[in-house]
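The numbers here are math on the coordinates, done by the rules we state, and not lab data. Please read all numbers here as calculations on a predicted model, not as lab measurements. Here the Cβ positions follow ideal geometry from the backbone for every residue, glycine too, while neighbour counts run over all protein chains shown.
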Amino acid sequence: MVLRALAMAAAAGMVGACGGGGGGPTSKELAAELLTLKDLPTGWSEQQAANASQGQSLCRISGSLRKDAIATAQRKFGHGILPAVDEFLAGYHRSPSATFDGLIGEIRACHSFGIPGFRFAVGHLQVPTIGTKSYAFSLSGEVRAVSGANVASARVASSVAIRFTFDIVMAEKGNQVLVLVYGATGTPPATEVTALATKAASRIPG
């Protein structure tokens, strides 16, 4: 599903990939903190994670969280094509509060952004505080699915709009930043999104 890949890549681009370093968590340590398949509902499966360094730009924000990160980790789950969950962790030498706050300010000022062939609307969500501080927003867009129908012995193409929404929860805890992306057709289940983000943050030390 192209729209899912684009939305996931846009969010991933905020975290991206980076090299390791001393004085903070390693990529291996971050990977051990990620959600596992046991944390997902029955019927989900772990999927291959995309290369976050190739993410598209979200609101012209490119790699803001990886600027000072010393390590990152990512895991991806899905139930078919959608729903889907991507989790990203970025680790730092010290508190990433300034980077986190700056990024949130940029996202708050963004109302929509385009990727060739698609336009996403940016919505701002209310969630309980997760970790030390958190922020949540959504990316929504639609594609038109064409189906064929036989009318009076002639095949007629019809176009149906299918709406997709990706809820994104960002949280800061200790010297790490969590980004959890939940994509679904229609509207993602808010309770499940919050529960997964809360569980993911609980696995981060501090």
| query | Given labels modelled 7 Å from the Cα in the Cβ direction, how far is it in nm from ALA121 to ILE81? | reply | 2.2 nm
| task | Kindly write out, for region 35-41 in residue order, the coupling ³J(HN,Hα) from the Karplus curve 6.51 cos²θ - 1.76 cosθ + 1.60 (θ = phi - 60°), rounded to whole Hz, with x marking Gly and Pro. | result | 4, 10, 4, 5, 7, 9, x
| query | Given H placed 1.01 Å from N in the peptide plane, which residues other than close sequence neighbours of SER112 have an amide H under 5 Å from its amide H? | reply | VAL122
| Points 7 angstrom from Cα along the Cβ direction at SER202 and ALA109: gap in nanometres? | 3.7 nm
| remark: Interchain or sequence-distant (5+) residues whose placed amide H lies within less than 5 Å of the amide H of ILE70 are GLY91, TYR92, HIS93
| In sequence order, calculated HN-Hα J values of region 91-103 (Karplus, 6.51, -1.76, 1.60; Hz; x Gly/Pro) | x, 9, 5, 9, 4, x, 3, 5, 5, 4, 5, x, 5
| request: Report the FRET efficiency, 1/(1 + (r/R0)^6), for GLN47 and ARG94, where r is their Cβ-Cβ distance and R0 is 41 Å, rounded to 0.05. | output: 0.80
| remark: The Cα extents of region 77-139 along the principal axes, largest first and rounded to whole Å, are 38, 29, 24
